[in-house]
Every structure is written in C-alpha cells, then in structure tokens.
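Student: Let me begin by handing over the structure; questions about it come next.
The values are calculated or read from the model by the stated rules, or taken from the named source; none is laboratory data. Computed from a prediction, not measured in an experiment: that's the story for all the values here. Don't worry about glycine lacking a Cβ; one is built from the backbone with ideal geometry, like all the others, and counts go over all protein chains shown.
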Amino acid sequence: MSGDDNRTRFVVRTDRVPEQPASRVGEQRPGLLRSEDHDLCPGCGEPVALRMLLEAIEELGLGQDSIGVVGIGCYTALTTLMDIDLIQALHGRAPSVATGAKRMRPDKLIFTLQGDGDMVNEGLQEVIHTAARGESVTCVLLNNGVFGETGGHMTATTVIGQRTKNTPEGRDAGYHGHPILVTDIIAGLGGTAYAARCGVYDAAEISRTRRILRRAFETQQKGVGFSFVEILTMCPTGWFVPTAEGPEYLDQVLGSVHRLGEVKVDGKLVQS
Amino acid sequence: MTRRLMEGSEAIAEAAVVAGCRFFAGYPMTPFTELLEGMARRLPAEGGVCINAESELEAIGMAWGALATGARAATGSTGQGLALMQESLSELTRSELPLVLFNMARGQADYYQATRGGGHGDYRHIVLAPIDIGEAVALTQLAFDLADRWRNPVQIYGDYLLAHTSEAVAVERLDFAPLPTKDWAVDGSLGGSGASRNINPIGMTKGSKGIEPESFWKRLQAKHDEIAAAEARYESEHTEDAELLVVAFGTVARFVRYVVAGLRAEGVKVGWFRPITLWPFPAQALAEAAAGAARVAVLEQNAGQMIDDVRLAILGAAPVIPIGGISSDEAGFGIGPLLDVDVIRDRIEAGLAGREVPR
Ligand SMILES: Cc1ncc(C[n+]2csc(CCOP(=O)(O)OP(=O)(O)O)c2C)c(N)n1
Ligand code: SF4
Ligand SMILES: [Mg+2]
C-alpha cells in the first residue's frame, strides 16, 4: 500500500534533464567562502552563522561591495576563510571602526561580526552609540552566552542558571547579576531601523537567519538607519555539554531568555 | 599667500585640511577642544566628515575605519585622552595604518607617553614637536606625508600655548615626493576574487592556517629601524664653541632660543639643541652638537623624561643636568611660571655655573 503511495508521490521525470548534476548543500560553497576547512570545534554554531552571512551578501549581489569589521573571539579565526575585504578590530571596538569606514565609503555594505564577550562586555557603549547615531551599518552579534575563546567564561549575556567556568554552580542573579538582552536595548534606540534575533539550532532557524541578515543588509542599503542582527550560536565546548546536545541547549536554555524574532522593522517596534 | 592672524588650533586644522585630511573624530578636552571645533567647521565644506565621538576610544576607532579605506584621517586629545587610546594606537601601528594623532598636551609631561607609549607590545610612532604655529602648519602636513610613506602613525606633540595663542601665519600647501598608491586599502572590490584583503594587527593572512606573529613583528621592527635611521629631525644654534648646551623641545624651546640669543649677544658661550622629532630622537646629531660642551642641560617642563634620551645620546661624554621641572597654572593646563624668559635665563645661568636648580 505505502509503496504504491510513494510511487505516485515521487514521479521520476524523464522529459527534462537537469542542467547540473545533483549536489549536497555542503558542496555548494558560497563564492565568498574560500574553504570550509575551519578550525573551530565540532558542533560550533559560528561557522553556520558565517555561512548564512556570506550567502545573504551573495544573494544581494554585494560580494564586491562589502567590507566586514571583525571583533575578537573564536570567529576571528574564520576571517582567513572569508573571501571578503576585512578590517580586524580590537576586542569590542568594531562598531566605531565600521562607522569610520562607512563615513568614507557610504556606497559600501559595512557590517561588523562580533561575539557577546566582544560586543556586550568589552564594547557595549560602542554598539549603543553607533545605533543611537543611526549609523548606516549592520552589527552582527554571535551570541553563545560565553567567552568561547578563553575557554567558557561568563559574559554579560550568560543566562541565569547557565554553568560557565566562573559560574560553576550556574549563574546566580544575586551574585553574578542579570543577563543583558542586547537586541531589546538596541531596538529601543531612535537610530535603529531594524533589529532581530535568530538562532542556528535547526534547519528552519538557519534559513530564517539568512533571511533576517538579508533584511538587515537591505535596511542598510535603503540608508534608513542602523541595523542589528543577534544570532544565537552553539558552543558545546564552552557550555560543557555533549556536542549533539548543543542545538537543543541553545533553543531551550539561551533561546528561552533571548527570545527569537524580529523586534524592530522599518523603524517600528514589532508588537509581540 | 597672505598671512592671517590665526589661533594655533585653527591654523593646525587648516593645515590638516590642506594636507588632504578628510576624516576627523574627537572628544572635547582642553586644550585640544578648539582643534576639534576647527575640524568640525572645515571638513564638511571639503566633502569630509568630523564626528564628535562619544569617547576617545571611539574617536580613534572611527579614525581606524576611515584610514582602512585609504582616507587621510586624524584624531587627538590631550595626554589623558591619548592614554585611553593606547590599545588602539599600538594595534593601529601593527595594522600599518597611517594615523595622524594630535596631542595638545597640558605641558610636557607626556614625553614618555609619546615616545615610549602606553600601549602593548613592540611598536613605535613618529613624534613631531613644533616650536611655534608656523612650524606646526608645516609639521602637520609633514605628519600626513610621513604617515602614508611609512604606513605608521605620526603624533604631533603640541600644548596649550601652541593651541591657544594667535600668530600671523600663512597656511600654504607643501609638496612632498610622490607616494605609493594605497593598494592595501579596503574598498570591498576584491570579495570573491581570492585576493580579498584583511587589514589586521596580528599578521593574519587569508587562506593560511593560524598566524605567524614572530616573522610579522620582526618585519615591523625592521621598518621601525629604517624610520629611526631616516627621519630624525632637529634644530640647533651656537653649538660649535658652547660650554653649555641646552636641550629643549616644543614651546619651551622657543623660550630657550630667545634666552640663548640674548646670552650670546653678551658673549656667553651657550648653545641650544632642539629635537623636532621626539621619536626618532636625533641622538647622533645631539652627540655631535655636545662634543665640545663641558655640560649639557635639559630644560623640559616635567619631572625629567627627555633627559633619559639625552643621556643615552651623550653616553657619558659630558655631565647631563636637569634645569627644568614641573610647572603649572592653577587649572593644570601647563602654563606655569617656568614659561618666562627671566626664569629660564636664571636656570641657564645656574647650568653654566654648575649650580643645581630648585625642581
Ligand atoms: C582587551 C582584550 N581583553 C581580553 C581579550 C581576551 N579575549 C579574547 S577572545 C575573548 C572572548 C571572546 O568572547 P566572544 O566575543 O563572546 O567570542 P566567542 O569566543 O564566544 O566566539 C577574550 C576575553 C582580548 N583579546 N582583548
Ligand atoms: S569554544 Fe565554542 S565558540 Fe569557540 S569554537 Fe568551540 S564551540 Fe565554537
Ligand atoms: Mg561568545
């Protein structure tokens, strides 16, 4: 019975020959990615986010018109793979560097790539000022709730209860304070035109991440203000969870506090 | 070109614009504020941008981004604001970006900061210390040229008097030898070509695994050795038969020049020497100038900083004595009683007699 069903559902077409041989998604490397051979941990969410970023730029046809400004964290190691003009900034300082670049090259797509330690700890005032100024750049935050690079330490976005190397019993609000929900702060600023939070824990969210990045870049192209994308990424190493559990941990532990979705679109807060 | 009565800050801003500076960012602080105001007034009309940055950290970051696109860009503050910028300053040097940095200092106590730096790692930047507004106009233009030529930050060390006094000056565009094109600058165009750029301070190369800090740092060291050999600048007078050689820089040297000229007219065997570049320090020229002197006196407006470089230059050939010292007004802006020709004359006479001065 079921075999018959399958035969009717999957029709083998013989009238049209595909132009290209079938290939897996993994073989369709974006033109802005030099190689997939990265040195980050297995199960890390950052290479996935990077791929969505490069694909979004490519979809918009901006591969030869983009300049990235990269912070310091595990993602810094990905810069050798990015076939895109880059400026390496200091820890926390990418938004002001992006500002200077954009003011001299207003015709280019200028984006930052920063982690939560970089953006929300070391350089929070930079991103807030850049947003408030309505600077026509896009800041991209890879939020894994830890300093992955230093070995899994608490950041300003670490959620209550999350175990890190310096919160071994879990982050305690009374002792360690509360996490900063940075997209919500950024969305509240007058200069911000677009702000959204997404994650890379499953295929649907990964695709949405690419669409959200596109919308942020389109916002920049329209020149209507600051755009901001927070991407929740897996860090099984820094979370001390098995690699396979990373996506679920991201969804349930970080995602339940840093809520996913668009927060501001076309300069207007999205009602939730 | 006709001369015009201009305040130092205005003249320096004008010189920067004439030199092609098209981006400036700064955060107000006396006596740097008027330079920022001048840039804010002048740059938009030239198609440039001046941003009133939210902090000194962000000011230098913005200049960093502008420089990376190939623009001529500058920032500045007083020594205290520069203290905040030190991490960026050292990494900008390693990114080989041609920043021009103005320290409108409160006196001369930022000599160590300017020449040793408070940033991390092995790095050097050229420091130019103008004696007056006319020279500041020339050295500001030279700073942009040297920065591009060496792909290295250049600092202008000024002060309150330079920023706030007015003199009749003509801001004329100076010509320099042609510079190489900035093919290293990012414009986005090389994306996807396999040859895209990454302007970075850690010796990172696209497509390679890891970084090679040692060879990268050694290459920078070699460049700094070249700068040291090529760019030392100085001025001196009456050194041939001087029994006492007085060493001073910047505004203080202007007082010294005047006093020494007066003493010479009276037949006193005194000469003076002024480093125009604080780094590279003109050590060899100073050693030669001091060759016949019985004593070398250092007149600087601080607790004794440049005297280290003077001693390293003289290498024990003559006693090196301090005749300057800490001297400030009530606000701490560096307009102290030392900045007075009678006081400086007393100090130089003490130096001639081998008397210690109160410091
Ligand atoms: C001024 C400064 N302080 C500290 C460091 C050390 N450091 C390097 S990466 C890092 C944390 C990065 O965290 P994040 O931005 O969240 O990136 P992740 O590694 O998690 O991807 C720190 C603290 C530094 N490079 N610079
Ligand atoms: S430590 Fe975390 S963020 Fe860093 S590479 Fe490993 S999984 Fe990724
Ligand atoms: Mg992180």
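Student: A:P47 - would you say it is of a type outside the set (A, V, I, L, M, F, W, C), part of a helix (DSSP H, G or I) and more than 7 Å from chain B (Cβ to nearest Cβ)? Walk me through it before giving the result.
Tutor: On the way: of a type outside the set (A, V, I, L, M, F, W, C): yes; part of a helix (DSSP H, G or I): yes; more than 7 Å from chain B (Cβ to nearest Cβ): yes.
In short, yes.
Student: Specify which of the listed residues (A:A49, A:A98) is within 16 Å of ligand 2 (Cβ to nearest atom) and crowded, with 24+ Cβ neighbours inside 10 Å.
Tutor: Going through A:A49, A:A98 in turn, just one is within 16 Å of ligand 2 (Cβ to nearest atom) and crowded, with 24+ Cβ neighbours inside 10 Å: A:A49.
Student: Identify all residues within region A:118-147 that are in a strand (DSSP E or B) and either within 11 Å of ligand 3 (Cβ to nearest atom) or of a type in the set (D, E, K, R) (or both); write none if there are none.
Tutor: Within region A:118-147, A:L141, A:L142, A:N143, A:V146, A:F147 meet the criteria.
Student: Within 14 Å of ligand 3 (Cβ to nearest atom), away from chain B (no Cβ under 14 Å) and surrounded by 22 or more Cβ atoms within 10 Å (Cβ to Cβ): does that describe A:T150?
Tutor: Details: within 14 Å of ligand 3 (Cβ to nearest atom): yes; away from chain B (no Cβ under 14 Å): yes; surrounded by 22 or more Cβ atoms within 10 Å (Cβ to Cβ): no.
So A:T150 does not fit the description; no.
Student: Take A:I180 and decide whether it is in a strand (DSSP E or B), more than 18 Å from A:G267 (Cβ to Cβ) and of a type outside the set (K, R).
Tutor: For A:I180, the condition - in a strand (DSSP E or B), more than 18 Å from A:G267 (Cβ to Cβ) and of a type outside the set (K, R) - is not met.
Student: Within region B:164-222, count every residue that is of a type in the set (G, A, S) and within 30 Å of A:Q64 (Cβ to Cβ).
Tutor: Of the residues in region B:164-222, the ones of a type in the set (G, A, S) are B:166, B:168, B:170, B:177, B:185, B:188-189, B:191-196, B:203, B:207-208, B:210, B:215, B:222.
The next check asks that each one be within 30 Å of A:Q64 (Cβ to Cβ); those that pass are B:185, B:188-189, B:191-196, B:203, B:207-208, B:210.
Number satisfying all stated conditions: 13.
Student: Only residues that are surrounded by 19 or more Cβ atoms within 10 Å (Cβ to Cβ) and on the phi < 0 side of the Ramachandran plot: list them for region B:334-351, please.
Tutor: Answer for region B:334-351, where residues must be surrounded by 19 or more Cβ atoms within 10 Å (Cβ to Cβ) and on the phi < 0 side of the Ramachandran plot: B:I335, B:L338, B:L339, B:I344, B:R347, B:I348, B:G351.
One line per residue, one yes/no per condition, for (1) farther than 24 Å from B:V169 by Cβ; (2) within 14 Å of chain A (Cβ to nearest Cβ); (3) surrounded by 23 or more Cβ atoms within 10 Å (Cβ to Cβ); (4) modelled with pLDDT under 95:
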| site | (1), (2), (3), (4) |
| --- | --- |
| B:S77 | no, no, yes, no |
| B:E87 | yes, yes, no, no |
| B:T93 | yes, yes, yes, no |
| B:F102 | no, no, yes, no |
| B:A105 | no, no, yes, no |
| B:A109 | yes, no, no, no |
| B:L128 | no, no, yes, no |
| B:A138 | no, no, no, no |
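Student: Separate question: Among A:G68, A:G61, which is the only one that is part of a loop (DSSP other than H, G, I, E, B), at pLDDT 90 or above and not hydrophobic (A, V, I, L, M, F, W, C)?
Tutor: On the way: A:G68 fails: part of a loop (DSSP other than H, G, I, E, B).
Going through A:G68, A:G61 in turn, just one is part of a loop (DSSP other than H, G, I, E, B), at pLDDT 90 or above and not hydrophobic (A, V, I, L, M, F, W, C): A:G61.
Student: As an exercise: evaluate B:K218 against (1) closer than 19 Å to B:W150 by Cα; (2) out of contact with any strand residue (DSSP E or B) (no Cβ under 8 Å at 6 or more places or on another chain); (3) not in a helix (DSSP H, G or I); (4) not aromatic (F, W, Y) and give the number of the one condition it does not meet.
Tutor: For B:K218, the exception is condition (3).
Student: So which pairs qualify, if the first residue must be in region B:276-303 and more than 15 Å from B:V127 (Cβ to Cβ), the second must be basic (K, R), the Cβ gap must be under 8 Å, and the two must be at least 6 apart or on different chains?
Tutor: That search, which allows pairs on different chains as well, returns B:A297/B:R347; B:L299/B:R347; B:A303/B:R359.
Student: Consider A:G238 against the criteria (1) more than 16 Å from ligand 2 (Cβ to nearest atom); (2) crowded, with 16+ Cβ neighbours inside 10 Å; (3) not polar (S, T, N, Q): it satisfies all of them except one. Which criterion is unmet?
Tutor: Tallying (1) more than 16 Å from ligand 2 (Cβ to nearest atom); (2) crowded, with 16+ Cβ neighbours inside 10 Å; (3) not polar (S, T, N, Q), A:G238 fails exactly one: (1).
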